[in-house]
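The next block holds one structure in the form of structure tokens; read it before the comments.
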Amino acid sequence: MSAALDNARQAESMGEVPVGAVLVRDGEHLADGWNRVIADHDPTAHAEIVALRAAAKKQDNYRLPHTTLYVTLEPCSMCAGAIINARVQRVVFAARDPRTGAAGSVFDILSTRMLNHRCEVHAGVLADQSAELLRSFFRHRR
């Protein structure tokens, strides 16, 4: 999660909402991601999507089984859908998102039995640090 927080700081340095992600398989660091929505002029360039795209390209496969995605903020519904489609095994996130979180806060896309894949979900890892980074970012923007 520390690496994901470093990625969130990278997003912040670019003027993006500070969310970062890291995808790992068997201890191997597969890919990094941070929000790039503004830089890429792409509404889908959330940290999770950026990391999934990079890992899929590196693995030459859109399926990413047996992987763990570490992300500093609870995934939104778009990202949760991509995580399910990629067959990520486990998602570990820091701060909850009470407005758009899709891993239990507003929706529970990652664990629903209505879909053909479910992820193991762990919340709250380094949550205070992630939440403070987000609060500070928005405090300075206002």
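The values are calculated or read from the model by the stated rules, or taken from the named source; none is laboratory data. Bear in mind the structure is a predicted one, so any value in this text is a computation, not a measurement. Quick reminder, even Gly has a Cβ in these numbers, built from the backbone with ideal geometry, and neighbours come from all protein chains shown. With ligands, DNA and RNA removed, areas are computed over all heavy atoms of the protein, side chains included. Shrake-Rupley method; radii C 1.70, N 1.55, O 1.52, S 1.80 Å.
The conditions of being in contact with a strand residue (DSSP E or B) (Cβ under 9 Å, 6 or more places away or on another chain) and exposed (fewer than 15 other Cβ atoms within 10 Å of the Cβ) are met by G124. Restricting attention to the stretch 119-142 and to residues that are within 16 Å of the chain's Cα centre (by Cα) and part of a loop (DSSP other than H, G, I, E, B), the residue that is nearest to V50 (Cα to Cα) turns out to be C119. When the stretch 21-73 is filtered for residues that are open to solvent by 60 Å² or more (accessible area, probe 1.4 Å), acidic (D, E) and in a helix (DSSP H, G or I), only D40 remains. In the stretch 74-116, of all residues being assigned to a strand (DSSP E or B) and among the hydrophobic types (A, V, I, L, M, F, W, C), the one that is farthest from W34 (Cα to Cα) corresponds to A103. Restricting attention to the stretch 76-106 and to residues that are crowded, with 22+ Cβ neighbours inside 10 Å and touching a residue at least 60 places away in the same chain (Cβ under 8 Å), the residue that is farthest from the chain's Cα centre (by Cα) turns out to be V88.
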